[in-house]
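The values are calculated or read from the model by the stated rules, or taken from the named source; none is laboratory data. The shown structure was predicted, so the numbers you read here are calculated from the model rather than taken from an experiment. Positions of Cβ are backbone-derived with ideal geometry, glycine not excepted, and every protein chain shown enters the neighbour counts.
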Amino acid sequence: MSKPVKDMILADYKRRFRDVQDALLIDIRGINANDNNALRLGLAEKDIRITVVKNSLACKAFAGTGLEPLSSALQGPSAIAWGAESVVDVARELVEWARKVGELDLKAAVLDGELYEGEAGVKQLSALPTRAEAQARIVQLVLSPGAAVVGAALAPGARILGIIKEIQDRLEKTQDS
């Protein structure tokens with residue numbers, strides 16, 4: 001490949017991955033055409049993109065970016081997957097697709113500069129909560145003591161109301177008889 005072509009590809013990688021900080025590295029070699037199309041269409045519906053990369057040029061493009069830790073795993077045929085709300089969503093989708101399509105190889109992932117190596121690392125990443133899930137858990141933890149206090153404050157009143165309601169029901173029954 002000539003130097004001008006390499007420079008054009010490198011510029012394209014830098015432009016394409018400029019704002020990408022978290023991604024997965026996969027190997028889609030060996031997947032038949034129908035499964036490959038289904039994989040790409042299924043991921044595209046969830047706003048997940050896949051780009052096959054040339055390893056040496058990708059290493060140069062990733063230098064100094066959040067994707068730099070992936071450089072150590074750029075060996076053999078490689079494709080970068082990124083997008084969705086978070087890389088955790090991408091990992092979950094690709095782990096599911098790896099179950100469906102046996103030839104999909106999960107090579108590595110990077111989240112906030114931390115490298116998750118191999119299939120085990122990607123599966124570990126997929127088990128983490130997404131940002132929205134983590135925020136929901138925090139809100140729940142913050143609100144649960146308040147809910148307990150409100151429940152404790154309302155409980156005696158609810159008991160008294162229940163007793164009054166029972167007395168009223170008994171009085172109505174005796175008056176009807």
- request: Can you tell me which residue among E85, E96, E119, E103 is touching a Gly at 6+ places or on another chain (Cβ under 6 Å) and either free of Cβ contacts under 8 Å to residues at least 24 places away in the same chain or among the charged types (D, E, K, R) (or both)?
  value: E103
message: Here is a check on your reading of the model: is S126 among the polar types (S, T, N, Q), modelled with pLDDT under 85 and over 16 Å from L25 (Cβ atoms)?
response: no
- request: Could you check, for region 31-42, whether at least one of its residues is touching a residue at least 12 places away in the same chain (Cβ under 8 Å), surrounded by fewer than 20 Cβ atoms within 10 Å (Cβ to Cβ) and within 29 Å of P4 (Cβ to Cβ)?
  value: no
- prompt: If we scan region 9-16, do we find a residue that is of a type in the set (F, W, Y), surrounded by 19 or more Cβ atoms within 10 Å (Cβ to Cβ) and farther than 20 Å from E117 by Cβ?
  reply: yes
query: Within region 101-113, is there a residue that is modelled with pLDDT under 75 and either among the charged types (D, E, K, R) or in a helix (DSSP H, G or I) (or both)?
result: no
